[in-house]
Amino acid sequence: DAGVIQSPRHEVTEMGQEVTLRCKPISGHNSLFWYRQTMMRGLELLIYFNNNVPIDDSGMPEDRFSAKMPNASFSTLKIQPSEPRDSAVYFCASSARGDWGGAYEQYFGPGTRLTVT
Amino acid sequence: QKEVEQNSGPLSVPEGAIASLNCTYSDRGSQSFFWYRQYSGKSPELIMFIYSNGDKEDGRFTAQLNKASQYVSLLIRDSQPSDSATYLCAGINFGNEKLTFGTGTRLTIIP
């Protein structure tokens with residue numbers, strides 16, 4: 001089975017431009033997570049969805065960030081306008097409830113490396 | 001204080017020795033813990049998870065959980081150069097879906 005798919009893998013843009021990152025979760029997984037990773041702050045959860053509904057967006061840094069999940073197989077993370085401090089690796093992960101009901105194993109996509117100049 | 005704490009390292013271990021990675025957590029509501037391995041420039045890869053006190057073994061890897069002392073560890077036996085990576089510890093509360101990650105420990109296996 002294919003893992004989590006993200007596109008693009010690399011994005012270089014100028015400050016002020018709109019950036020859209022895309023994610024396709026593992027088929028059958030009903031939860032999707034967007035993370036950002038930087039050297040300074042480590043891995044931070046931005047937002048997560050369950051059954052396409054946003055559950056917790058408390059990690060979204062500011063109104064310039066927005067995320068959508070129009071269906072079970074697609075999600076987007078948009079930054080508008082982008083700023084140099086948004087430069088980071090953005091990961092998408094998906095999960096399904098563990099077989100025994102208690103553990104949520106998250107599987108990560110390859111990430112999008114965003115550079116804003 | 002971060003909810004999940006890890007020594008950032010780097011931790012250097014000779015090839016063939018046991019590498020011991022430690023993680024402490026502050027939220028007593030945390031029920032399950034996950035260890036991820038991340039190679040430079042790659043995404044985190046799940047190694048194993050543990051939710052019961054004691055040890056859980058999977059090949060060369062052993063996860064240990066002590067809820068009374070609020071620590072989690074990962075032992076890697078017969079360390080190989082391919083084990084050189086950053087290891088991330090993450091905790092989750094039962095019924096919740098949010099993982100809280102530590103900042104990771106960078107491990108280097110010396111041939």
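Per-structure values
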quantity	calculated
Cross-chain or 6+ apart pairs with Cβ under 7 Å, region A:26-45 first and within 15 Å of B:THR86 (Cα to Cα), then open to solvent by 40 Å² or more (accessible area, probe 1.4 Å) and part of a loop (DSSP other than H, G, I, E, B)	A:GLY42/B:THR103
Selected residue (only one of B:SER73, B:SER82 is within 14 Å of the chain's Cα centre (by Cα) and of a type in the set (S, T, N, Q))	B:SER73
Scan of region B:58-98 for residues that are at pLDDT below 90 and either of a type in the set (Lys, Arg) or closer than 15 Å to B:ILE47 by Cα (or both), ordered by number	B:LYS98
Region B:2-21: number of residues that are over 17 Å from A:ARG41 (Cα atoms) and either in a loop (DSSP other than H, G, I, E, B) or open to solvent by less than 50 Å² (accessible area, probe 1.4 Å) (or both)	8
Some residue of region B:95-106 being farther than 30 Å from A:GLY59 by Cα, surrounded by fewer than 21 Cβ atoms within 10 Å (Cβ to Cβ) and more than 10 Å from chain A (Cβ to nearest Cβ)	no
Subset of region A:56-68 that is within 14 Å of the chain's Cα centre (by Cα) and without any contact (Cβ under 8 Å) to a residue 12 or more places away in the chain - its residue that is surrounded by the fewest Cβ atoms within 10 Å (Cβ to Cβ)	A:SER58
Residue in region A:69-78 that is within 16 Å of A:LEU32 (Cβ to Cβ) and free of Cβ contacts under 8 Å to residues at least 24 places away in the same chain present	yes
Single unsatisfied condition, B:PRO44 versus (1) at pLDDT 95 or above; (2) within 10 Å of the chain's Cα centre (by Cα)	(2)
Any hit, region B:69-77, residues being on the phi > 0 side of the Ramachandran plot, assigned to a loop (DSSP other than H, G, I, E, B) and either within 14 Å of chain A (Cβ to nearest Cβ) or open to solvent by less than 10 Å² (accessible area, probe 1.4 Å) (or both)	no
Inter-residue pairs, beta-carbon under 9 Å, first hydrophobic (A, V, I, L, M, F, W, C) and in region A:1-14, second in a loop (DSSP other than H, G, I, E, B) and open to solvent by 70 Å² or more (accessible area, probe 1.4 Å), 6+ apart	A:ALA2/A:SER27; A:VAL12/A:THR117
Number of positions in region B:24-49 that are at the interface with chain A (Cβ under 9 Å from one of its Cβ atoms), without any contact (Cβ under 8 Å) to a residue 40 or more places away in the chain and assigned to a strand (DSSP E or B)	3
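The values are calculated or read from the model by the stated rules, or taken from the named source; none is laboratory data. This one's a predicted model, so the numbers in the text were calculated from it and none came from an experiment. We place every Cβ from the backbone using ideal geometry, glycine too, and count neighbours over all the protein chains shown. These accessible areas exclude ligands, DNA and RNA; they are computed on the full protein's heavy atoms, side chains included. Shrake-Rupley method; radii C 1.70, N 1.55, O 1.52, S 1.80 Å.
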